[in-house]
Amino acid sequence: MDGQTYNDAVSLGADTTLTSTGAGNVTFASTVNGAHGLTVNTAGTTTLGGAVGGCGALTSLTTDAPGSTAINGGSIKTVAVRPTTTP
């Protein structure tokens, strides 16, 4: 899948990996919650537009090195944060 956009609040029900091809961006316009891990693989930009883990900390949040990450929603609450994106 090329780019992915999630406009509504996202609630993780299991550990989740999202992969974008062709350097497509992955955008979360609202909050991301759930006691599970989230991994985003893209050479594009991962945008977190709302608070992450505000109503339930994620167990982990991982992004991959080829892309970049934009934290626009303020807070991130996780048990473990493993950002591996390049500056």
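The values are calculated or read from the model by the stated rules, or taken from the named source; none is laboratory data. Computed from a predicted structure; not experimentally measured. Neighbour counts run over all protein chains shown; Cβ positions are idealised from the backbone, glycine included.
Any residue in the stretch 5-17 that is under 13 Å from N33 (Cα atoms) and at pLDDT below 95 sitting within a Cβ distance under 6 Å of a residue that is assigned to a loop (DSSP other than H, G, I, E, B) and not polar (S, T, N, Q)? List the pairs, counting only those 6 or more apart or interchain.
none
With respect to V79, determine if the residue is in contact with a strand residue (DSSP E or B) (Cβ under 6 Å, 6 or more places away or on another chain) and modelled with pLDDT of 90 or more.
Considered against the rule, which asks whether it is in contact with a strand residue (DSSP E or B) (Cβ under 6 Å, 6 or more places away or on another chain) and modelled with pLDDT of 90 or more, V79 comes out as no.
If the requirement is being hydrophobic (A, V, I, L, M, F, W, C), touching a His at 6+ places or on another chain (Cβ under 7 Å) and crowded, with 17+ Cβ neighbours inside 10 Å, which of these qualifies: L38, L58?
Checking each option against the conditions leaves just L58.
Restricting the search to the stretch 1-51, which residues are of a type in the set (A, V, I, L, M), in a loop (DSSP other than H, G, I, E, B) and either closer than 14 Å to G67 by Cα or in contact with a Pro (Cβ under 7 Å, 6 or more places away or on another chain) (or both)?
A23, A43
Going residue by residue through the stretch 52-73, is there one that turns out to be polar (S, T, N, Q), at pLDDT below 90 and assigned to a loop (DSSP other than H, G, I, E, B)?
no
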